[in-house]
1. Specify the residue that is nearest to the chain's Cα centre (by Cα); the eligible residues are those in segment 603-630 that are buried (at least 19 other Cβ atoms within 10 Å of the Cβ), β-branched (Val, Ile, Thr) and farther than 17 Å from residue 512 by Cβ.
2. Being of a type in the set (A, V, I, L, M) and assigned to a strand (DSSP E or B) is the filter here; which residues of segment 610-647 pass it?
3. Which of the numbered conditions does residue 473 fail, given that it passes all the others? Conditions: (1) over 18 Å from residue 514 (Cα atoms); (2) buried (at least 18 other Cβ atoms within 10 Å of the Cβ); (3) not acidic (Asp, Glu).
4. Residues in segment 42-52: is at least one polar (S, T, N, Q), farther than 22 Å from residue 91 by Cβ and in contact with a helix residue (DSSP H, G or I) (Cβ under 8 Å, 6 or more places away or on another chain)?
5. Tally time: how many residues in segment 338-385 are under 22 Å from residue 78 (Cβ atoms) and either touching an Asp or Glu at 6+ places or on another chain (Cβ under 7 Å) or modelled with pLDDT under 90 (or both)?
6. Need the failing condition index for residue 639 against (1) touching a Lys or Arg at 6+ places or on another chain (Cβ under 9 Å); (2) crowded, with 23+ Cβ neighbours inside 10 Å; (3) farther than 19 Å from residue 288 by Cα, just the number.
7. Here are 433, 396: which of them is crowded, with 17+ Cβ neighbours inside 10 Å, of a type in the set (A, V, I, L, M, F, W, C) and touching an Asp or Glu at 6+ places or on another chain (Cβ under 7 Å)?
Amino acid sequence: MGRLSARLLMQRGRPKSDRLGKIRSLDLSGLELLSEHLDPKLLCRLTQLQELDLSNNQLETLPDNLGLSHLRVLRCANNQLGDVTALCQFPKLEELSLEGNPFLTVNDNLKVSFLLPTLRKVNGKDASSTYSQVENLNRELTSRVTAHWEKFMATLGPEEEAEKAQADFVKSAVRDVRYGPESLSEFTQWRVRMISEELVASSRTQVHKDDSPEKPPEAGAAHKPRARLATLKRPDDVPLNLSPSKRACASPSAQVEGGPVAGSDGSQPALKLEPLHFLQCHSKNNSPQDLETQLWACAFEPAWEEGATSQTVATCGGEAVCVIDCQTGIVLHKYKAPGEEFFSVAWTALMVVTQAGHKKRWSVLAAAGLRGLVRLLHVRAGFCCGVIRAHKKAIATLCFSPAHETHLFTASYDKRIILWDIGVPNQDYEFQASQLLTLDTTSIPLRLCPVASCPDARLLAGCEGGCCCWDVRLDQPQKRRVCEVEFVFSEGSEASGRRVDGLAFVNEDVVASKGSGLGTICLWSWRQTWGCRGSQSTVAVVVLARLQWSPTELAYFSLSACPDKGIVLCGDEEGNVWLYDVSNILKQPPLLPAAPQAPTQILKWPQPWALGQAVTKTMVNTVVANASFTYLTALTDSNIVAIWGRL
């Protein structure tokens with residue numbers, strides 16, 4: 001499709017007219033239009049246009065001088081838009097559709113609400129909740145930038161050049177003023193720059209803090225206030241309440257039971273954590289009465305920059321997958337699949353190339369469960385990119401290979417583990433997965449761990465019948481393989497054939513594993529164990545240490561590790577989180593395993609209130625911390641996502 005012509009506009013416009021100035025509705029969808037095809041000189045002749053459909057094209061930007069000042073409805077679904085700031089040229093816009101633009105994020109949704117104060121609907125939904133979030137963010141940012149301005153001006157000497165000093169202020173404000181979740185940092189920095197430049201332009205020392213967002217310089221219409229919602233969370237995300245005493249205490253439940261407190265043996269001091277948020281965001285029918293939906297797995301999103309850490313966590317349980325900002329407790333995204341029960345989630349980061357040749361980074365979330373399907377979710381754009389019909393029975397767990405960003409392992413109740421290559425999405429943002437390997441198990445696989453020192457060569461799995469290892473090298477001819485080695489925990493507390501329902505690498509060598517009903521977690525050396533293998537198919541693990549855990553007979557409490565901090569985590573049947581600092585063992589393993597090591601800390605269940613009573617004795621099925629150990633997320637059997645923060 002080339003540039004638009006007046007003839008084409010008259011053919012596709014309504015009402016039918018031989019004059020562009022009389023057209024009120026125009027359908028330009030499905031014409032393979034590029035951004036440069038939108039000729040402002042031609043389109044500005046549509047002086048009465050109120051409705052424009054640009055869906056299903058290849059637009060990466062909108063020209064900023066289209067002149068459609070009367071436009072009320074704009075449809076731009078299924079394009080490649082990467083920025084929304086040009087929308088401010090439509091000051092009377094009331095309805096906007098942006099679905100299917102995978103490079104737009106939650107930050108762009110907030111920008112839209114700020115730039116277009118007359119909007120009533122975005123993507124077919126009421127815009128008031130997003131507007132309320134923007135209103136609160138804007139008010140707090142204005143206050144913080146104003147305080148920063150006053151502090152900055154107070155430090156200036158009389159000899160400093162005002163113009164240069166004010167330019168330095170804008171840079172320092174963008175760098176130093178922070179508020180809200182990390183996932184909204186693009187929007188907050190955008191607003192901080194805007195507010196700072198307004199302060200500099202007016203040379204005022206204080207900005208009036210209004211309850212409504214200020215009109216941005218590029219917006220052409222006056223701001224119209226709206227009713228404020230009572231909460232920033234979405235209507236279907238039901239929070240639990242902490243008692244006032246719990247909120248007032250710095251860390252009422254981060255009690256230390258056993259283990260060193262001051263790090264006298266070389267380990268870290270006891271960490272100070274406080275309960276921050278309790279959410280019922282997986283409720284059936286969004287009902288606050290639901291305290292029964294079981295939550296099974298969570299994973300932190302990979303950080304976008306090397307050396308950074310994420311505060312965004314994905315959780316799954318029931319028919320929902322939620323993506324939560326741990327700092328604020330806001331549910332950023334929610335995906336529902338009626339009839340499904342999700343058991344596992346895993347993240348990967350892909351680099352995709354647009355039709356125009358631009359590189360974009362995607363965070364893709366895989367989710368699977370009862371129906372044997374893997375759903376690949378582009379959470380920032382809010383849609384499912386693909387479905388893999390992976391198994392005929394339920395998928396217990398899945399994980400991406402750390403060596404290949406597109407390689408995904410799925411483990412099923414059909415006693416098979418399959419390695420998939422999900423590939424990269426095509427021009428329609430769809431995945432075409434291919435099957436690479438099938439690994440047969442003798443019992444149901446429960447946990448998967450690519451071997452840390454050779455993730456593209458060996459896969460470790462905790463199963464109902466023990467702990468097994470497979471050769472997963474793709475340069476080998478067999479595409480279907482049986483277990484290469486079975487690991488035996490023969491020293492007293494664990495025996496061959498016993499269920500292994502917890503498994504994680506603490507570093508490149510040390511593995512933490514747990515079986516049911518044993519009251520211990522085992523730390524063992526992969527390197528030493530593999531070195532003793534020879535040609536044997538059954539190998540006794542080389543135990544480094546044992547960690548004291550709950551004596552419960554119940555199963556399926558998953559453990560996790562925070563390798564950067566040398567920490568092992570596990571929940572129990574009473575809502576507690578057991579925390580072990582094993583950094584001393586990693587530095588210098590004992591010559592012989594001693595008595596089980598007590599936990600460094602046990603975080604007691606804070607007993608949040610729901611339905612007028614405290615929620616007690618809940619099972620913590622899984623607990624995971626981010627890489628920097630600033631946030632810890634625990635999932636329960638009673639539909640509660642609990643988030644802890646490090647002080």
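1. Looking at residues that are buried (at least 19 other Cβ atoms within 10 Å of the Cβ), β-branched (Val, Ile, Thr) and farther than 17 Å from residue 512 by Cβ, I get 618.
2. 610, 614, 620, 623, 624, 625, 632, 634, 635, 641, 642, 643, listed by residue number.
3. Of (1) over 18 Å from residue 514 (Cα atoms); (2) buried (at least 18 other Cβ atoms within 10 Å of the Cβ); (3) not acidic (Asp, Glu), only one is false for residue 473: (2).
4. No, because not a single residue in segment 42-52 is polar (S, T, N, Q), farther than 22 Å from residue 91 by Cβ and in contact with a helix residue (DSSP H, G or I) (Cβ under 8 Å, 6 or more places away or on another chain).
5. Qualifying residue count, segment 338-385: 22.
6. Exception for residue 639: condition (3).
7. Details: 396 fails: touching an Asp or Glu at 6+ places or on another chain (Cβ under 7 Å).
The match here is 433.
One line per residue, one yes/no per condition, for (1) closer than 30 Å to residue 362 by Cα; (2) touching a residue at least 12 places away in the same chain (Cβ under 8 Å):
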{"site": "16", "(1), (2)": "no, no"}
{"site": "43", "(1), (2)": "no, yes"}
{"site": "55", "(1), (2)": "yes, yes"}
{"site": "61", "(1), (2)": "yes, yes"}
{"site": "81", "(1), (2)": "yes, yes"}
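The values are calculated or read from the model by the stated rules, or taken from the named source; none is laboratory data. Keep in mind it's a predicted model, so treat the numbers as computed, not measured. Here Cβ is always computed from backbone atoms with ideal geometry, including for glycine, and neighbour counts include all displayed protein chains. To get the accessible areas, we keep the full protein, side chains included, count just its heavy atoms, and leave off ligands, DNA and RNA. Shrake-Rupley method; radii C 1.70, N 1.55, O 1.52, S 1.80 Å.
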